[in-house]
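One structure is given here, and the rest of the page talks about it.
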Protein chains: 2
Amino acid sequence: MSAARTIHLNAFDMTCVGHQSPGLWRHPDDQSSRYQDLEYWTGLAQLLERGCFDSLFIADVLGVYDVYQGSADAAVSDAAQLPVNDPMLAVSAMAAVTSHLGFGITVSSTYEQPYALARKFGTLDHLSKGRVGWNIVTSYLDSAARNLGLDRQVPHDERYQAAEEFLEVCYKLWESSWEDGAVVRDKASGIYADPGKVHPIGHKGRYFSVPGIFLCEPSPQRTPLLFQAGSSPSGLAFAAKHAECVFFSETRPDVLAPKVSRLRELAWRHGRDPHSIKMFPLMTVVTAPTDREAQAKLADYQRYASYDGALALYGGWSGLDLSGYDPDQPLRYVQTEAVRSAVEGFTTADPGREWTPREIARFVGIGGRGPVVAGGPGTVADEMERWIDEADVDGFNLAYAITPGTFADIVQYVVPVLQARGLLRTSYEGTTLRESFYGAGQARLRDDHPGAGYRRTHG
Amino acid sequence: MSAARTIHLNAFDMTCVGHQSPGLWRHPDDQSSRYQDLEYWTGLAQLLERGCFDSLFIADVLGVYDVYQGSADAAVSDAAQLPVNDPMLAVSAMAAVTSHLGFGITVSSTYEQPYALARKFGTLDHLSKGRVGWNIVTSYLDSAARNLGLDRQVPHDERYQAAEEFLEVCYKLWESSWEDGAVVRDKASGIYADPGKVHPIGHKGRYFSVPGIFLCEPSPQRTPLLFQAGSSPSGLAFAAKHAECVFFSETRPDVLAPKVSRLRELAWRHGRDPHSIKMFPLMTVVTAPTDREAQAKLADYQRYASYDGALALYGGWSGLDLSGYDPDQPLRYVQTEAVRSAVEGFTTADPGREWTPREIARFVGIGGRGPVVAGGPGTVADEMERWIDEADVDGFNLAYAITPGTFADIVQYVVPVLQARGLLRTSYEGTTLRESFYGAGQARLRDDHPGAGYRRTHG
């Protein structure tokens, strides 16, 4: 089955230090503390394009991890996703030194106005010549809400309702405000655009009022490629309708498989080709010429992982402060609903396992919530094929243990094997990000995507 | 007097077509319709750095010019600042191909949250290694307000009150949240930052609540260089307190002189060195080897100016729709207060002149609200010196008639003359934008700037 499809590779990074590997910035070879250095980003982009990656995916939070120990101290000390720069602003520099790599950018719809955000993505789609994607999140940190004008998070389900309308406004701006033939740009006739083909969207909804015309002329993709990562029921419903790529964090393919299958079914109910949603599990690959060297590399990395940094991240993800618990006592003995729920959410991979805080920290310490695959090129490719076969996924969202070392190792060792097996492209399909996923000629939304319904019929 | 000081040059552009020269995108040599092309921006930045410009200043509006004829049709047809991309997103690509040029970016405080915007400027200051400036505006287009969640503009004076608090929040984030010694980044000790030196700002005000710590570690300039352009009483009061560079649009130096003098006096009352505010009149220079060739070039440009496009811009600036008036009837005969006020606001340069709509359109058609200086290199330099002497200005905000042609002509013909006269640098003073204005070593706010008062005293 796996030989029948080619897979897609996203590199998973964040404009911060030690994204999914708290503490590993201390490793001599790690350069993640160069996150504020433009040359780090342009170098990474060129490396990924050499490796035929589809895109660099940039995560983001607009807050700090201050649940653990009731403060941000551990996050500050260990640089656990703090400091964190804006994810959108290095993209044009990376676009300038590449010609095919895409850029998936995380922006929360909770803290933006659709009229302004649609222009940002329109602008980046122009500047990158059609290589931008939007990872739609609704935010999970209370610390973000408190600093952005809200007393606390908007309730989870209402965030998704607002996001639904946010997308509706964006589709109207991107797909329907300017007709394809609107821009004439004809120096001879003196007409830049035909006012008869540029339309106010007239949106008046529960959350947003946007009467006007879109500020950008149509960009190569119009709507950026849409990524989504929510795994709650409202998150899945949202993804089934809107997402073109979905990210998962599961530690075993057999646990992931029913979720992928469920999402494809939901997409089908929305009238979409179930296989038009590309499914990406999170994975951290540690590789070297041989299995033994890869295992030794992993053991070396593990020496640098930070207990406090890992539990700071875990606190933000789960809402649970593990600082008050014995590091070596299994948490299933802790008799509170909050602990049970948070731990179970984390440990679906091994339902029977009795996790201690120290084991959770060790797990999170490299690769966050996803699996770590350590092995030689063939071993890694085999494991990827196993995920493809068992979980029906379309590619991998590859986090780093150290950066750019982890990505450089993948490009050097694993990519040639994947290409030799016919699993990975050896050249790019088209010029836009969407064409990397759907083939040359499909720069715009597929016709079965709900956003395509906002297009104007011509003539 | 003029020989005693060196001047500063800003290039004035916008991520749109025909910024201050509506219609001139139709000129065969104009490339402003490449505004969505990254190579236009990187080429322009390299050109300006060759010419020892201080910065590229990028204007913005988040709305459309829909006052003239009661619709946006003229703006759409003539591309009068529409389409308009986001001004912030090409900056990192330009920073990657230059090493000294600064980037002044227009962002309205009316439509942003300070916690998020402070991070954007912090990020760009990191990525550009200290070369970013913020042109603080409060927005003037009703069309922007309507699409960004407001029924209409926030009243003018209240916009400035909110902007005042917005700046206060930003200063706290930029200057006081992270102490200078907070970031250790020491792989040996394993400490990235010292939590004892990273402080929540605890801001609770009338417009904003921002309790937390800043998301960015300190960047080279911390606070970006602050630009401002308001000329109303509240705008001037705001500039006198906060601005490090101020833009003016006046057509004659003798009209500008008292405004500059008044602003320096207001700055002095705030305890600031009056000459630490750098004053920039808008100017459009059309130049060539000789005066005769420059005049011929201007005449050629004027053939491409657009009557409707110019009055579309004028409508947005003044709030006045001139489409109902006879193009050739002097407007002083129109007996409405709105017309008198709008026309007088525009024509302070010639108080006695009886402007017709056609004359206004011709005036706006090249260079917007500022003067056009057409002449050979010596003539242009003489005129610049006259402005310096008569109006006590510190440099020029140079708009284009065509781009990059106007800038290329300035770099080729005028810059060498200014350098020969000792008026313009031949190499840059430091590595940051603020050092270009205040000398090597002054990357941070001057001590007499009110933002410096938010710094923590150490020890």
Members of the range B:1-41 that are part of a helix (DSSP H, G or I), among the aliphatic types (A, V, I, L, M) and open to solvent by 10 Å² or more (accessible area, probe 1.4 Å) | B:A3, B:A4
Residue pairs qualifying under the 6 Å Cβ cut-off, at least six apart or on distinct chains, with the first in the range A:252-272 being under 20 Å from A:E385 (Cβ atoms) and the second being part of a loop (DSSP other than H, G, I, E, B), are A:R252/A:A349; A:V255/A:T348; A:V255/A:A349; A:L256/A:E250; A:V260/A:D392
Quick one: is B:F247 buried (at least 23 other Cβ atoms within 10 Å of the Cβ), touching a residue at least 60 places away in the same chain (Cβ under 8 Å) and either more than 15 Å from B:Y454 (Cβ to Cβ) or within 13 Å of another protein chain (Cβ to nearest Cβ) (or both)?
-> yes
Apart from one, (1) closer than 29 Å to B:E435 by Cα; (2) in contact (Cβ under 8 Å) with a residue 12 or more places away in the chain; (3) facing chain A (nearest Cβ under 10 Å) all hold for B:H8; the odd one out is (3)
Counted residues, the range A:196-220 - those being more than 17 Å from B:A72 (Cβ to Cβ) and either facing another protein chain (nearest Cβ under 9 Å) or without any contact (Cβ under 8 Å) to a residue 60 or more places away in the chain (or both) = 7
Number of the condition not met by B:G51 [criteria: (1) away from chain A (no Cβ under 14 Å); (2) at pLDDT 95 or above; (3) farther than 16 Å from B:A93 by Cβ; (4) open to solvent by 20 Å² or more (accessible area, probe 1.4 Å)] = (4)
The condition from (1) within 7 Å of chain A (Cβ to nearest Cβ); (2) surrounded by fewer than 24 Cβ atoms within 10 Å (Cβ to Cβ); (3) in contact with a helix residue (DSSP H, G or I) (Cβ under 6 Å, 6 or more places away or on another chain) that B:N85 misses is numbered (2)
By residue number, the members of the range B:172-203 that are within 19 Å of A:P22 (Cβ to Cβ) and of a type in the set (S, T, Y) are B:S189, B:Y192
Just wondering, is there one or more residues in the range B:142-160 that are buried (at least 23 other Cβ atoms within 10 Å of the Cβ) and farther than 26 Å from B:L313 by Cβ?
-> no
Considering every residue within the range B:56-64, establish whether at least one is more than 9 Å from chain A (Cβ to nearest Cβ), open to solvent by less than 30 Å² (accessible area, probe 1.4 Å) and touching a helix residue (DSSP H, G or I) at 6+ places or on another chain (Cβ under 7 Å).
-> yes
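Suppose the filter is open to solvent by 20 Å² or more (accessible area, probe 1.4 Å) and not in a helix (DSSP H, G or I); does A:E429 pass it? Lay out the reasoning, then the answer.
On the way: open to solvent by 20 Å² or more (accessible area, probe 1.4 Å): yes; not in a helix (DSSP H, G or I): yes.
In short, yes.
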Given the conditions (1) surrounded by fewer than 24 Cβ atoms within 10 Å (Cβ to Cβ); (2) more than 17 Å from the chain's Cα centre (by Cα); (3) outside any loop (DSSP other than H, G, I, E, B); (4) more than 8 Å from chain A (Cβ to nearest Cβ), every one holds for B:A75 apart from (1)
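Looking at the range B:88-120, which of its residues are among the charged types (D, E, K, R) and open to solvent by 10 Å² or more (accessible area, probe 1.4 Å)? Quick ask: steps written out before the conclusion?
Narrowing the range B:88-120 to residues among the charged types (D, E, K, R): B:112, B:119-120.
Matches in the range B:88-120: B:E112, B:K120.
The values are calculated or read from the model by the stated rules, or taken from the named source; none is laboratory data. The structure presented is a predicted model; accordingly, all values stated were derived computationally and were not measured. Cβ: placed from backbone, ideal geometry, glycine included. Neighbour counts: every protein chain shown. We work out accessible area using only protein heavy atoms, side chains counted, and drop any ligands, DNA or RNA first. Shrake-Rupley method; radii C 1.70, N 1.55, O 1.52, S 1.80 Å.
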